[in-house]
Amino acid sequence: MGKIIDIICAGEVLIDFIGHEVNTSINRTKDYHRFLGGSPTNVAVNASRLGLKSALIATCGQDGLGEYIVRKLKENNVITAQVKKLEGVPTSIILVSKSSGTPDFIPYREADYQIEQSQIPNEILESAKVFHTTCFALSKNPARTTILESAKRAKKLGLLTSIDINFSERIWPDREDAKVVLKEYLSTNPLVKLSEDDCYRLFAESKTEDFIFEYFHGLGASTICLTKGKDGVVLSNTDFGMFHQKALPIEDIKDTTGAGDAFWTGFLYAQLENKNLEESITIAQKLAVLKLQNVGRLPEGINFKDYLNIES
């Protein structure tokens with residue numbers, strides 16, 4: 001079967017209600033603006049904006065917010081055939097503070113983790129190149145079991161697997177359980193993206209770069225990107241070693257929500273374009289900077305190949 005889908009994103013679809021006031025606590029935020037959200041959803045939308053064929057495997061409610069989700073996905077040319085709308089279960093939402101740093105959030109999870117095996121048939125895996133998910137998506141069943149099993153099938157079918165280890169104890173209170181599940185997913189040798197904040201939350205303390213890379217390489221991942229905010233990115237690959245890339249200069253940060261998803265979309269895009277690891281990091285950083293300068297999705301009217309300096 002031909003590879004007609006570039007990236008399958010499996011996991012949470014939800015509504016981000018992002019505070020209107022900048023650097024204000026949720027306690028003091030008066031107004032919120034509605035945005036399509038969920039890390040795999042952001043990657044699917046971003047990938048489509050870059051000209052890739054992306055499919056989202058997710059579940060929302062059979063309600064007004066679910067209708068909004070499907071409408072926005074279709075407007076962004078994301079394949080929605082595997083998005084299920086459940087009766088009697090509301091669409092998940094997250095309240096998010098608008099911040100120039102790590103935003104605060106309060107999750108209200110309902111439909112997002114109701115992902116069943118029937119939503120990921122072999123036919124869709126056989127037609128794709130990359131299978132991507134998140135730690136958030138793996139935090140609850142049935143989505144956890146569905147995604148783990150599907151990732152293993154994807155690997156056998158020759159897909160590249162990927163994960164954003166966006167761990168939060170608010171989403172997954174049992175860290176040891178999370179480590180066991182991550183070990184199972186990392187056995188597929190995925191491309192791994194994680195941040196310093198993710199690591200601090202997962203290990204409940206600060207860890208050195210050497211510890212982080214040794215730990216995740218030990219679980220089976222060959223390529224690991226550790227994002228460090230203003231301190232740039234450190235990438236470790238079992239064949240090529242470790243290198244650090246400085247952060248790109250940026251002015252006027254409007255919102256950090258979704259910047260990590262933009263970064264990782266850029267990285268996956270570059271890998272699909274057969275770029276080397278250093279080029280892939282640069283492309284990822286450029287896309288993250290663009291997102292940091294905008295609230296909501298990536299802006300309209302951008303020629304991404306020119307902006308990212310990608311040769312056709």
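Overview of results
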| quantity | calculated |
| --- | --- |
| Matching residues, region 203-216, being farther than 25 Å from ILE8 by Cβ and either in contact with a helix residue (DSSP H, G or I) (Cβ under 8 Å, 6 or more places away or on another chain) or open to solvent by 10 Å² or more (accessible area, probe 1.4 Å) (or both) | PHE203, ALA204, GLU205, SER206, LYS207, THR208, GLU209, ASP210, PHE211, ILE212, GLU214, TYR215 |
| Count of region 26-44 residues which are within 28 Å of ILE302 (Cβ to Cβ) and either crowded, with 24+ Cβ neighbours inside 10 Å or in contact with a Leu (Cβ under 8 Å, 6 or more places away or on another chain) (or both) | 10 |
| Residue in region 180-195 that is touching a Phe, Trp or Tyr at 6+ places or on another chain (Cβ under 9 Å), open to solvent by 60 Å² or more (accessible area, probe 1.4 Å), part of a loop (DSSP other than H, G, I, E, B) and modelled with pLDDT of 95 or more present | no |
| Residue match in region 141-163 (condition: in contact with a Leu (Cβ under 8 Å, 6 or more places away or on another chain), within 15 Å of GLN114 (Cα to Cα), open to solvent by 30 Å² or more (accessible area, probe 1.4 Å) and assigned to a helix (DSSP H, G or I)) | yes |
| Selected residue [open to solvent by 30 Å² or more (accessible area, probe 1.4 Å) and closer than 20 Å to ILE120 by Cβ] from ALA47, ALA81, ALA55 | ALA81 |
| When residues of region 229-252 are limited to those that are of a type in the set (Val, Ile, Thr) and farther than 22 Å from ALA47 by Cα, the one most open to solvent (accessible area, probe 1.4 Å) | THR238 |
| Test: residue in region 164-173 that is at negative phi, surrounded by 15 or more Cβ atoms within 10 Å (Cβ to Cβ) and not in a loop (DSSP other than H, G, I, E, B) | yes |
| Residue in region 107-140 that is surrounded by the most Cβ atoms within 10 Å (Cβ to Cβ), counting only those that are more than 19 Å from the chain's Cα centre (by Cα) and more than 16 Å from LEU86 (Cα to Cα) | ILE124 |
| Per-region count, region 233-266, residues part of a loop (DSSP other than H, G, I, E, B) and farther than 14 Å from LYS193 by Cβ | 15 |
| Out of LYS156, LYS129, sole residue that is out of contact with any strand residue (DSSP E or B) (no Cβ under 9 Å at 6 or more places or on another chain) and not β-branched (Val, Ile, Thr) | LYS156 |
| Residue under evaluation LEU36, criteria (1) in a strand (DSSP E or B); (2) modelled with pLDDT of 95 or more; (3) under 15 Å from the mean Cα position of the chain (by Cα), criterion not met | (2) |
| Out of ALA270, ALA221, ALA284, sole residue that is open to solvent by less than 30 Å² (accessible area, probe 1.4 Å) and assigned to a loop (DSSP other than H, G, I, E, B) | ALA221 |
| Single condition GLU67 does not satisfy, out of (1) of a type in the set (D, E, K, R); (2) out of contact with any helix residue (DSSP H, G or I) (no Cβ under 7 Å at 6 or more places or on another chain); (3) at pLDDT 95 or above; (4) open to solvent by less than 60 Å² (accessible area, probe 1.4 Å) | (4) |
| Count of region 84-106 residues which are open to solvent by 50 Å² or more (accessible area, probe 1.4 Å), closer than 16 Å to THR29 by Cα and in a strand (DSSP E or B) | 1 |
| THR223 being closer than 15 Å to ILE163 by Cβ and touching a residue at least 40 places away in the same chain (Cβ under 8 Å) | yes |
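The values are calculated or read from the model by the stated rules, or taken from the named source; none is laboratory data. All values reported here derive from a predicted model rather than from experimental measurement. With ideal geometry, Cβ positions are generated from the backbone for all residues, glycine too; neighbour counts draw on all protein chains shown. The area values use the complete protein model at the heavy-atom level, side chains included, leaving out ligands, DNA and RNA. Shrake-Rupley method; radii C 1.70, N 1.55, O 1.52, S 1.80 Å.
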